[in-house]
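The values are calculated or read from the model by the stated rules, or taken from the named source; none is laboratory data. As the structure is a computational prediction, the values presented were derived from the model and not from experiment. With ideal geometry, Cβ positions are generated from the backbone for all residues, glycine too; neighbour counts draw on all protein chains shown.
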Amino acid sequence: MYKIIFEDNSEFQGGDFEDSKWNEIPQKPIKRLEYTLVKETLVFENFEAYNHLVERVKFVNRIGGKITKVILMAVNKEKVIKIIYDFQSRKILQKYCILGQEYQGRSTTGWKSGIFGKEPKVFVL
């Protein structure tokens, strides 16, 4: 699902949508996040911090549920870029907000440290 390249060029391989292993990421500065969605790999590089959310619906009185969206986020100078992949419509949206309002106007947890002072980039491999 994703691969992280740290500032020291070591790597971490993430899990899948059900178990992303996000909380297992070592505490060292991230230089690049490569996140594969369907057939494309989105790359975030040189941001100050990184995060992601997996949005899902759960069924009442039934086992299971389904993933509806994946929201990839990166911060530069208090501004958050969000790339949202909607599994239902199969569309990718790009949105911006200020840090602290990244999910439905509220802050999120789980941010991982990036690097400072370099030009951030987002592109598709």
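Where the second residue is part of a loop (DSSP other than H, G, I, E, B) and surrounded by fewer than 10 Cβ atoms within 10 Å (Cβ to Cβ) and the first is on the phi > 0 side of the Ramachandran plot and lies in the stretch 51-68, which pairs have Cβ atoms under 7 Å and are six or more apart or on separate chains?
Once the first residue is on the phi > 0 side of the Ramachandran plot and sits in the stretch 51-68, its partners that are part of a loop (DSSP other than H, G, I, E, B) and surrounded by fewer than 10 Cβ atoms within 10 Å (Cβ to Cβ) give Gly65/Phe59.
Among the strands (runs of 3 or more DSSP E) contained in the stretch 1-101, which hold 2 or more residues that are within 13 Å of Val122 (Cβ to Cβ) and basic (Lys, Arg)?
So the answer is 79-86.
Search the stretch 105-121 for residues that are touching a residue at least 40 places away in the same chain (Cβ under 8 Å) and pair each with any residue that is among the small types (Gly, Ala, Ser) when their beta-carbon atoms are under 8 Å apart and the residues are at least 6 apart or on different chains.
Correct list of pairs: Trp111/Ala49; Lys112/Ala49; Ser113/Ala49; Gly114/Ala49; Gly114/Ala74; Pro120/Ala74.
Being touching a residue at least 12 places away in the same chain (Cβ under 8 Å) and either of a type in the set (Gly, Ala, Ser) or surrounded by 13 or more Cβ atoms within 10 Å (Cβ to Cβ) (or both) is the filter here; which residues of the stretch 18-28 pass it?
Selection gives Ser20, Trp22, Ile25, Lys28.
Just to verify a result, which residue in the stretch 3-58, among those that are at pLDDT 95 or above and of a type in the set (Ser, Thr, Tyr), is nearest to Gly110 (Cα to Cα)?
Ranking the candidates gives Tyr50 first.
Go through the stretch 102-115 and give me each residue that's farther than 16 Å from Asn76 by Cβ and not in a strand (DSSP E or B).
Selection gives Gln104, Gly105, Ser107, Thr108, Thr109, Gly110.
When you go through Lys3, Lys31 one by one, which is the residue that is surrounded by 14 or more Cβ atoms within 10 Å (Cβ to Cβ), touching a residue at least 40 places away in the same chain (Cβ under 8 Å) and among the charged types (D, E, K, R)?
Lys31
Checking the condition touching a Ser or Thr at 6+ places or on another chain (Cβ under 6 Å), over 22 Å from Arg56 (Cβ atoms) and not polar (S, T, N, Q), which residue from Leu99, Leu125 passes?
Being touching a Ser or Thr at 6+ places or on another chain (Cβ under 6 Å), over 22 Å from Arg56 (Cβ atoms) and not polar (S, T, N, Q) holds for just one of Leu99, Leu125, which is Leu125.
Looking at Lys118, Lys79, Lys91, Lys112 in this structure, which one is modelled with pLDDT of 95 or more, under 22 Å from Thr41 (Cβ atoms) and of a type in the set (D, E, K, R)?
Exactly one of Lys118, Lys79, Lys91, Lys112 is modelled with pLDDT of 95 or more, under 22 Å from Thr41 (Cβ atoms) and of a type in the set (D, E, K, R), namely Lys112.
For the condition among the aliphatic types (A, V, I, L, M), over 16 Å from Met1 (Cβ atoms) and within 13 Å of the chain's Cα centre (by Cα), what is the one hit in Val43, Val60, Val54, Val80?
One residue alone meets the criteria, Val80.
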